[in-house]
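Below you'll find the structure, written out as structure tokens, and then a few comments.
The values are calculated or read from the model by the stated rules, or taken from the named source; none is laboratory data. What you see is a predicted model; the values in this text were computed from it and never measured. For neighbour counting, all protein chains shown are included, and Cβ atoms are generated from backbone atoms with ideal geometry for every residue, glycine included.
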Amino acid sequence: MSQYRRVFSEGLLEIYPVCAGLRKRADLFLRVNEPEKTDRSKLIFYLLMAVVCTVLRTPKARIPRLKSLVVDSITDAHFGSALSVVRKIYENRGASDRAAKGPDMVADLRTEMRRIYGQGRKIKTASPGAD
């Protein structure tokens, strides 16, 4: 499938306003809560990924859920919780340009989101007559 068809067939344009609003909110949050400008630019995309998972309480957001996300309902507490997860991973990876741009940080964040929010967990129920 071509990139053009993918963008226009999977609803990606429909989530653009949500993503743009999230980016603006994340920038504002980081300006207040992250003193180093260089760190802000390195952490922004990880923060966005983590805050969406935090708000939706899922390790992987899907387009239909992203479309329904109300950016104004996302609090500083959501951003703070997400930043604490991201910052810990960033520091564990050396808090460097290499850490932020390499593949390991995003892999660590995905793993952490799965650990926090689970993946496909199902509640087991007892079958009738089972003791």
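Key figures
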item	result
When residues of the range 60-90 are limited to those that are of a type in the set (S, T, N, Q) and either assigned to a helix (DSSP H, G or I) or within 24 Å of MET105 (Cβ to Cβ) (or both), the one farthest from the chain's Cα centre (by Cα)	SER73
Residue within the range 44-52 that is among the hydroxyl-bearing types (Ser, Thr, Tyr), over 11 Å from the mean Cα position of the chain (by Cα) and part of a helix (DSSP H, G or I) present	no
Every pair of residues 6+ apart whose Cβ atoms lie under 6 Å, when the first sits in the range 40-65 and is surrounded by 18 or more Cβ atoms within 10 Å (Cβ to Cβ) while the second is among the small types (Gly, Ala, Ser) and not in a helix (DSSP H, G or I)	VAL52/ALA61
Top-ranked residue of the range 71-89 - restricted to ones that are touching a Phe, Trp or Tyr at 6+ places or on another chain (Cβ under 7 Å) and of a type outside the set (Val, Ile, Thr), ranked as nearest to ALA50 (Cα to Cα)	PHE79
Residue, modelled with the highest pLDDT, within the range 97-131, restricted to residues that are among the small types (Gly, Ala, Ser) and surrounded by fewer than 13 Cβ atoms within 10 Å (Cβ to Cβ)	ALA107
